[in-house]
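The values are calculated or read from the model by the stated rules, or taken from the named source; none is laboratory data. The structure presented is a predicted model; accordingly, all values stated were derived computationally and were not measured. When we count neighbours, we look across all protein chains shown, and the Cβ atoms used for this are built from the backbone with ideal geometry, even at glycine.
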């Protein structure tokens with residue numbers, strides 16, 4: 001039984017929403033973040049990545065960086081950039097990209113559901129990446145970037161969302177990347193009660209994106225429980241900011257690969273080695289994405305090839321059967337010598353939003369090979385998480401990205 005609850009939201013005043021809304025903190029390196037906030041004093045990235053307020057002599061993870069984040073957030077709340085809703089409410093967050101909309105419910109999820117695996121994971125987190133957000137959340141006493149959760153679609157939840165979406169939105173704007181963002185508030189007590197009841201009937205909710213944000217929020221919650229041994233479980237630190245989407249609205253894009261060299265093979269030797277596990281068909285110069293599971297586009301020296309995995313390498317295992325695993329286990333590791341894609345500098349990953357032209361550009365410049373992937377499905381993600389297994393790194397790329405700063409949960 002999932003415990004999904006409404007909350008008292010801190011959010012931008014309507015006239016500032018477009019200026020505040022920012023892409024997630026982790027899509028930028030420091031140089032990119034500094035560039036992104038230039039001329040945008042209200043961008044929430046100034047708070048999410050407060051090292052942008054200092055010169056390079058200040059370490060990204062220095063104490064003063066987190067102090068600055070708190071200072072900026074407190075100041076903007078006091079100056080009216082943000083408003084504080086005094087009633088517990090859910091919110092509807094709709095994102096539309098290329099004419100396709102996905103609509104989620106902004107709410108708070110329980111850290112106990114996370115700890116007891118009712119909120120399921122499919123990705124391993126890194127302690128160093130968690131530590132940064134732990135310090136940010138703890139210092140500001142605010143969760144500022146929502147965790148992207150998915151659930152199996154529910155007709156009653158859909159009807160409540162549809163009915164409330166007919167009201168006048170709190171926000172309606174188009175961000176610089178062409179995504180339309182609309183937000184509505186669900187403040188009706190009957191709707192709130194029914195939503196909580198419906199989510200309580202859902203046995204499993206899944207982290208689609210934001211594993212580090214979730215893990216960090218949970219660790220801060222546990223830290224505050226230790227500091228407050230008389231806690232009741234109702235305190236805000238027992239919950240973390242989330243947006244929950246029905247599975248049938250989500251689109252996962254491919255997460256493509258580029259590789260530095262042929263591991264000592266000539267092109268002919270390499271293609272011969274690949275043909276042990278894949279049928280290889282030369283396709284010419286026209287770039288393409290594969291059209292079905294078990295097939296891969298490969299670009300090398302100006303030519304595209306279609307690779308189709310042979311039946312002998314396909315698997316019904318939730319992880320081993322993923323296309324990203326098949327490519328890793330039967331080409332990247334045994335032929336190209338890439339053992340751990342998390343640490344090997346000969347491989348890089350290109351999100352599907354960047355397109356095929358970026359794959360060709362990389363393979364024609366700093367890399368040698370590019371692979372276009374058939375996207376992992378939401379059903380495959382659910383199957384891996386249900387089996388308590390982990391996906392290989394860089395298996396999924398979700399678009400559009402949720403914006404930070406539109407919803408803040410104070411703990």
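Of note:
- Count of segment 335-386 residues which are at positive phi and either at pLDDT 95 or above or not assigned by TED's automatic domain parsing to the domain that holds residue 294 (or both): 1
- Restricting segment 123-146 to residues that are within 25 Å of residue 381 (Cα to Cα) and touching a strand residue (DSSP E or B) at 6+ places or on another chain (Cβ under 6 Å), the residue that is surrounded by the fewest Cβ atoms within 10 Å (Cβ to Cβ): 145
- Single condition residue 191 does not satisfy, out of (1) out of contact with any helix residue (DSSP H, G or I) (no Cβ under 6 Å at 6 or more places or on another chain); (2) closer than 15 Å to residue 5 by Cα: (1)
- Restricting the search to helices (runs of 4 or more DSSP H) fully inside segment 264-364 and requiring at least 3 residues that are out of contact with any strand residue (DSSP E or B) (no Cβ under 9 Å at 6 or more places or on another chain) and more than 30 Å from residue 26 (Cα to Cα) gives 267-274.
- Any chance residue 51 is surrounded by fewer than 16 Cβ atoms within 10 Å (Cβ to Cβ) and out of contact with any strand residue (DSSP E or B) (no Cβ under 8 Å at 6 or more places or on another chain): no
- Restricted to segment 72-87, and to residues there that are surrounded by fewer than 16 Cβ atoms within 10 Å (Cβ to Cβ) and either without any contact (Cβ under 8 Å) to a residue 12 or more places away in the chain or touching a strand residue (DSSP E or B) at 6+ places or on another chain (Cβ under 6 Å) (or both), the residue that is nearest to residue 5 (Cα to Cα) is 84.
- Residue count for segment 357-383, restricted to those that are touching a residue at least 24 places away in the same chain (Cβ under 8 Å) and within 12 Å of residue 258 (Cβ to Cβ): 13
- In segment 226-261, the residues that are buried (at least 19 other Cβ atoms within 10 Å of the Cβ), out of contact with any strand residue (DSSP E or B) (no Cβ under 7 Å at 6 or more places or on another chain) and assigned to a loop (DSSP other than H, G, I, E, B): none
- Just so you know, in segment 22-49 the residues that are outside any loop (DSSP other than H, G, I, E, B) and in contact (Cβ under 8 Å) with a residue 40 or more places away in the chain include one that is nearest to residue 211 (Cα to Cα), and it is 26.
- Any hit, segment 102-120, residues being assigned by TED's automatic domain parsing to the domain that holds residue 239 and on the phi > 0 side of the Ramachandran plot: yes
- Subset of segment 202-225 (residues that are modelled with pLDDT under 95 and surrounded by fewer than 16 Cβ atoms within 10 Å (Cβ to Cβ)): 203
- Residues of segment 94-142 that turn out to be farther than 22 Å from residue 206 by Cα, in a helix (DSSP H, G or I) and modelled with pLDDT under 95, as a count: 3
Conditions tested, residue by residue: (1) within 27 Å of residue 109 (Cα to Cα); (2) touching a helix residue (DSSP H, G or I) at 6+ places or on another chain (Cβ under 8 Å); (3) assigned by TED's automatic domain parsing to the domain that holds residue 196.
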{"site": "14", "(1), (2), (3)": "yes, no, yes"}
{"site": "22", "(1), (2), (3)": "yes, yes, yes"}
{"site": "27", "(1), (2), (3)": "yes, no, yes"}
{"site": "36", "(1), (2), (3)": "no, yes, yes"}
{"site": "40", "(1), (2), (3)": "no, yes, yes"}
{"site": "44", "(1), (2), (3)": "yes, yes, yes"}
{"site": "53", "(1), (2), (3)": "no, yes, yes"}
{"site": "59", "(1), (2), (3)": "no, yes, yes"}
{"site": "70", "(1), (2), (3)": "yes, yes, yes"}
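- Checking each residue of segment 152-168 against the condition of being closer than 28 Å to residue 253 by Cβ, buried (at least 17 other Cβ atoms within 10 Å of the Cβ) and either under 22 Å from the mean Cα position of the chain (by Cα) or not assigned by TED's automatic domain parsing to the domain that holds residue 11 (or both) gives no match.
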